[in-house]
Amino acid sequence: MTQSDILHRLSETIEARKQADTDNSYVAKLLKEGQDKILKKIAEESAETLMASKDGDAQHVVRETADLWFHCLILLAHHGLKPEDVLQELEKREGVSGIVEKASRTTEKTG
């Protein structure tokens with residue numbers, strides 16, 4: 001296994017925890033509390049990542065980003081999605097200018 005497999009392994013763990021006892025699993029509890037609670041945690045972790053960056057502590061940025069990504073994985077699971085769905089989207093965008101990619105999303109919404 002490589003480091004790149006970690007998102008897949010975490011996703012599998014999160015899926016397994018959907019069935020776990022909420023008294024014993026943070027993931028199960030968060031999923032049971034629903035989308036609003038998950039979104040609140042993502043907002044909290046996003047703010048903590050921003051503050052770590054402002055502080056200039058690289059290791060703190062890494063830790064907070066890991067927390068943010070973990071909670072994003074929980075959100076994906078809530079929607080029945082997997083990290084591979086996001087990775088496919090990123091792969092699709094690879095080599096495409098951010099300006100062009102964003103314009104294509106605007107066209108898709110209005111078209």
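Read-outs: derived from the displayed coordinates by stated rules, not from any lab. On a predicted model such as this, the values are computed, not experimentally measured, just so you know. Quick reminder, even Gly has a Cβ in these numbers, built from the backbone with ideal geometry, and neighbours come from all protein chains shown.
So the values come out like this:
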| read-out | value |
| --- | --- |
| Those aspartates and glutamates that a straight Cα-Cα span of less than 20 Å connects to Lys32, excepting residues fewer than 8 apart in one chain | Glu12, Glu15, Asp21, Asp23, Glu44, Glu45, Asp67 |
| Positive minus negative residues near Ile42 (Lys, Arg vs Asp, Glu; Cβ under 15 Å) | -4 |
| Helical contribution to [θ] at 222 nm, DSSP H n ≥ 4, -39,500 (n - 2.57), averaged over the chain, rounded to 500 | -25000 deg cm²/dmol |
| Label-to-label distance, nm, for residues given as Asp57 and Gln19 (7 Å Cα→Cβ offset) | 4.0 |
| Relative contact order (%) - the range 3-80, alpha-carbon pairs under 8 angstrom, separation at least six | 32 |
| Label point distance in nm, Leu39-Ser97, each placed 7 Å from Cα along Cα→Cβ | 3.4 |
| Kirkwood hydrodynamic radius of the chain, Cα pairs, Å | 15.9 |
| Across Lys29/Lys92; Lys41/Lys102; Lys82/Lys102, pairs whose alpha-carbon gap is larger than 32 Å | Lys29/Lys92 |
| Summed residue charge, Cβ within 14 Å of Asp21's Cβ, Lys/Arg positive, Asp/Glu negative | +3 |
| Acute angle (nearest 10 degrees) that the helix 58-78 long axis makes with the longest principal axis of the chain, alpha-carbon atoms | 80 |
| The chain: angle of helix 83-93 to the longest principal axis, Cα-based, in degrees nearest 10 | 10 |
